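Encoded as structure tokens, the structure appears first; notes follow it.
The values are calculated or read from the model by the stated rules, or taken from the named source; none is laboratory data. A quick note: this is a predicted structure, and the numbers were derived from the prediction, not measured. For neighbour counting, all protein chains shown are included, and Cβ atoms are generated from backbone atoms with ideal geometry for every residue, glycine included. All accessible areas refer to the heavy atoms of the entire protein, side chains included, with ligands and DNA or RNA removed. Shrake-Rupley method; radii C 1.70, N 1.55, O 1.52, S 1.80 Å.
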Amino acid sequence: MKVGVVEKPGVLKIVERDVPKITSPHDVIIKVKRTGICGSDIHIYHGKNPFATYPRVWGHEAVGEVYETGSAVTSVKKGDHTVVEPIVYCGTCYACRQGRGNVCEKLEVIGVHRDGGCQEYFLVPEATVHKLPVDLTWDEAVLIEPFTIGAQAVYRGQVQKDDYVLVMGAGTTGLTAVTMAKLAGGKVIVTDLVEDKLEYAKKCGADYTINGKTENLADRVAEITGGMGANVTIDAVCIKQTFEQAIELTSAAGRVVELSFNETPSEIAPVGIIKKELTICGSRLQTKRFPVVIDYIKQGVLPLKGFLSKTYPVSQMADAFEYVEKNNATVRKVAISFE
Ligand code: MN
């Protein structure tokens with residue numbers, strides 16, 4: 001079978017491997033239909049993901065049909081359409097006991113710490129497999145994992161009905177946060193420097209757009225919120241300045257959600273936090289968001305149509321990576337097809 005592997009930083013290859021075999025009664029083998037390319041996959045390719053080890057089959061956004069199941073598997077059967085939740089956690093450490101396996105002590109991210117979904121047949125634990133409606137197309141299903149990231153940010157920010165939610169950045173993650181914040185009942189403000197992205201954000205439910213190139217962000221947020229500030233600010237730009245700005249632009253009793261893996265320190269005076277009693281939290285991967293997103297899909301409320309920018313057959317994997325990198329400003333999602 002064909003497998004897409006990053007052999008070492010900078011070396012991306014398609015190799016032939018044997019089809020995996022069931023080894024545990026809880027194993028499931030998925031016949032992969034699509035694997036999405038994420039910004040983090042590009043980072044793994046370039047050796048910029050501090051958690052990745054090599055060689056690594058990339059891909060944490062995999063969807064496909066159940067091909068074979070171990071003897072103890074009960075939640076899915078051969079032929080079921082599924083999406084793989086790309087985290088494996090211990091279930092017993094402090095974080096897991098809090099229901100937050102995404103930050104488990106022994107966390108393994110599929111496609112980062114262990115082999116991922118860019119392979120025709122993909123062996124995963126049953127616990128990672130979620131069943132999908134059969135009428136969902138694979139091009140739509142491959143968007144589920146990205147939307148769980150936005151769902152997690154909104155969950156971490158405890159977005160409530162009528163909250164003003166400021167989403168910084170209208171890239172893929174920002175758009176999923178916009179979508180989820182709107183579905184949670186928020187009044188969504190989105191800021192970016194690229195007008196086309198802001199236009200697309202409106203399709204995802206943004207009520208207000210602010211172009212940071214031509215408008216003063218702080219003034220516009222104050223104007224929209226009647227001087228209060230955003231109740232929840234989600235930083236999906238993830239640079240030093242946006243983290244600092246997020247603290248400033250958030251209202252008293254508000255929440256700041258940080259999605260950044262950035263290692264650059266920000267300069268934040270504690271008084272700006274305590275005066276407003278802000279809650280500042282990280283949002284990493286997701287926990288228990290797959291059922292939430294799948295439920296939204298069943299309700300037909302996610303903007304899946306047209307969200308996928310392009311699909312490439314696995315034989316053109318290198319072109320797909322190049323396309324993502326060259327069109328960084330406009331690409332929402334590119335997927336590899338195994339059909
Ligand atoms: Mn992803």
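Within the range 230-241, not a single residue is in a loop (DSSP other than H, G, I, E, B), polar (S, T, N, Q) and in contact with a Ser or Thr (Cβ under 7 Å, 6 or more places away or on another chain).
Determine, yes or no, whether G10 is open to solvent by 40 Å² or more (accessible area, probe 1.4 Å) and free of Cβ contacts under 8 Å to residues at least 40 places away in the same chain. Judged against the criteria, G10 is a match. Contact annotation: residue pairs with Cβ atoms under 8 Å, 6 or more positions apart or on different chains, pairing a residue in the range 107-122 that is assigned by TED's automatic domain parsing to the domain that holds I87 and within 12 Å of V88 (Cβ to Cβ) with a partner that is of a type in the set (F, W, Y) and modelled with pLDDT under 95, are V109/F51; V112/F51; H113/F51.
When K78 is tested against the conditions (1) open to solvent by 20 Å² or more (accessible area, probe 1.4 Å); (2) assigned to a loop (DSSP other than H, G, I, E, B); (3) touching a residue at least 60 places away in the same chain (Cβ under 8 Å); (4) farther than 22 Å from R289 by Cβ, the lone failure is (3). Cβ separations smaller than 6 Å between residues 6+ apart or across chains give the following pairs from the range 217-228 residues that are assigned by TED's automatic domain parsing to the domain that holds S251 to residues that are in a helix (DSSP H, G or I): V221/L249.
Could you figure out which of (1) open to solvent by 30 Å² or more (accessible area, probe 1.4 Å); (2) farther than 27 Å from I37 by Cβ isn't true of K197? The failed condition is (2). Filtered by the rule that a residue be open to solvent by 20 Å² or more (accessible area, probe 1.4 Å) and within 16 Å of the ligand (Cβ to nearest atom), the range 16-40 gives R34, C38, G39, S40.
Restricting the range 240-286 to residues that are at pLDDT below 95 and closer than 19 Å to T172 by Cα, the residue that is farthest from the chain's Cα centre (by Cα) is N262. Out of the residues in the range 41-65 that are outside any loop (DSSP other than H, G, I, E, B) and surrounded by fewer than 21 Cβ atoms within 10 Å (Cβ to Cβ), which is farthest from the ligand (Cβ to nearest atom)? For the range 41-65, the residue satisfying everything is E65. Filter the range 86-101 for residues that are in contact (Cβ under 8 Å) with a residue 60 or more places away in the chain and among the small types (G, A, S); which is surrounded by the fewest Cβ atoms within 10 Å (Cβ to Cβ)? Filtering the range 86-101 for residues that are in contact (Cβ under 8 Å) with a residue 60 or more places away in the chain and among the small types (G, A, S), the one surrounded by the fewest Cβ atoms within 10 Å (Cβ to Cβ) comes out as G99. Elements of the type strands (runs of 3 or more DSSP E) sitting completely within the range 102-187 and holding at least 2 residues that are β-branched (V, I, T), buried (at least 19 other Cβ atoms within 10 Å of the Cβ) and more than 15 Å from the ligand (Cβ to nearest atom): these cover 164-168.
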